[in-house]
Amino acid sequence: MIRINRMIQVHFSRYIMFKRLLTAAFLALLASAHAGAEEQVLNIYSARHYPSDEALYGEFTRSTGIRIKRVDADDAGILARLRAEGAASPADVILLVDASRLWRGEAEGLFQPIKSPALDAAIPAQWRSQPGADGGTAWFGFSTRARVIVYDKLKVRREDVDSYEELGDPKNKGRLCLRSGSHPYNLSLFGAVLEHLGEQKTEVWLRGMVDNMARAPQGGDTDQIRAVAAGECAVAVTNTYYLARLMRSTRPEDQTAVERIGVVFPNQASWGTHVNVAGGAVARHAKHPANAVKFLEYLASSAAQEHFANGNNEWPAAKGVKLDNPALKAMGGNSFKSEAVPISVVGRNSVKVQQLLDRAGFR
């Protein structure tokens, strides 16, 4: 009887152990399934406020099954939020629209370097951050926009505004409209000019632009174009995709504005026209880094790159992408000479530029 009881106890103990192991395996399976479900999510902080981008997000989800959650803000707001959230941030992908802010995010350690042969092959070195010591890249540019000069064809000769330097020349006194000097688009342009002219000449140039202004800096790029067309000023600076929007518009007032103005890609006889980027990075504390890299690689694909060109009037950053945008073609396609300064260097110069703006009294 004692022997039977012992056998029963042994079998019961084995049953209990087996049940525990089975329960543990079941819980592990559930955890694995839950983790798999979480991997089908991608959290994006985006400064791209373009309705046409909705098609990009939708196509990525359809092709991968990865659901996108998006937070929209401007560049500065996104960087501030990342700083405040720290390791608790849910952000996986960061999309910004200016080189100086991309550089700032990298400098503050808000991005994690990634290694992607697909991105390295698609995006030229000029349009991405310089590799770190580990060979990783902090951010990639996915579309570009040239910073061009528009002018009143009735009042200004083209040859008087065919370089950035002439914006500060006394011959254009009282003619100039600009948005705030501290806006990222201008910071990046001025950072490029600083690289070409040096600190002393750049400060003189900035003071010259302040003297040449027809009004205090205000509004966005489209406002500058409209001000030239309305005769409020005669010369302004804009990113090309703002001008392309007006060129493709069917509104009579936009067509009238476009007919009034001329456009110059500056410095074709010297260092070339300044080109800025919109780009993306993987957040430092990304919870879904594999999905984040997959999304960035998708942005470098031909389909996404053609969308940037044809849907939002930006030039593709990836190599070998066909351009089929009538407004960009009317401006000369992508045959213009662009400057060769790495965009990461332009971003780095923004700190010094801000100091020069303060000294020049450029708001």
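For region 215-363, report the translational diffusion coefficient in µm²/s to the nearest whole number, using Stokes-Einstein at 25 °C, 0.890 mPa s, and a Kirkwood Rh over Cα pairs.
136 µm²/s
Work out, step by step, the length gained on full extension between residue 345 and residue 159: first 0.36 nm times the residue separation, then minus their alpha carbon distance; give nm to one decimal.
Full-extension gain reported as 64.0 nm.
With everything on Cα atoms, drop me the angle between helix 75-85 and the longest principal axis of the chain, reported from 0 to 90° to the nearest 10.
30 degrees
Can you give the relative contact order of the chain as a percent, counting alpha carbon pairs under 8 Å and 6+ residues apart?
26 percent
What length, rounded to one decimal in nm, is gained on full extension from residue 67 through to residue 207, with 0.36 nm per residue of separation minus their alpha-carbon distance?
Here the segment from residue 67 to residue 207 would lengthen by 45.4 nm.
I'd like the projected area of region 288-346, averaged over all directions, using the convex hull of its alpha carbons. Report it in nm² with one decimal.
If I average the Cα hull's projected area over directions, I get 5.3 nm².
On the principal axes of its Cα set, how long, how wide and how thick is region 249-319? Give whole Å, largest value first.
51, 36, 23
Defining a contact as two alpha carbons under 8 Å apart and six or more residues distant in sequence, what relative contact order in percent does region 127-182 show?
17 percent
Strictly over 19 Å apart at the Cα level, which of 115/294; 287/319; 69/294 would you flag in this model? Display every interim value, and only then the final one.
Numbers: 115/294 12 Å; 287/319 30 Å; 69/294 15 Å.
Listed pairs above 19 Å: 287/319.
How high is the relative contact order of region 160-267, given as a whole-number percent (alpha carbon pairs under 8 Å, six or more residues apart)?
35 percent
What nm distance separates the two modelled labels at residue 256 and residue 358, each placed 7 Å from Cα along Cα→Cβ?
4.4 nm
Could you work out how far the C-alpha centroid of region 269-347 sits from that of region 54-121, in angstrom?
Result: 15 Å between the Cα centres.
From the Cα gyration tensor of the chain, with a ≥ b ≥ c the square roots of its eigenvalues, which class applies: rounded if a/c is under 1.5, or else prolate if a/b is larger than b/c, or else oblate?
prolate
Can you work out the base-10 log of I(q)/I(0) for region 45-84 at q = 0.15, 0.24, 0.27 1/Å, using the Debye formula on its C-alpha atoms alone?
-0.43, -0.81, -0.89
Take the Cα coordinates of region 115-215, assign each an equal point scatterer, and use the Debye formula without solvent to give log10 I(q)/I(0) at q = 0.16, 0.24 Å⁻¹.
Debye output, listed in q order: -0.80, -1.30.
Just the ratio, please: alpha-carbon radius of gyration of region 183-263 over 2.2 N^0.38 Å, N its number of residues. Each step should come with its number before you reach the end.
Details: Rg = 14.4 Å, N = 81, 2.2 N^0.38 = 11.7 Å.
Working it through for region 183-263, the quotient is 1.23.
Please give the length that would be gained between residue 134 and residue 85 if that part of the chain were fully extended, namely 0.36 nm times their separation in residues minus their C-alpha to C-alpha distance (nm, one decimal).
In short, 15.0 nm is gained.
Values in this text are rule-based calculations from the coordinates and carry no lab data. No experiment lies behind these values; they were computed from the predicted model shown. Reconstructed Cβ throughout: ideal geometry from the backbone, glycine too, with neighbour counts over all protein chains shown.
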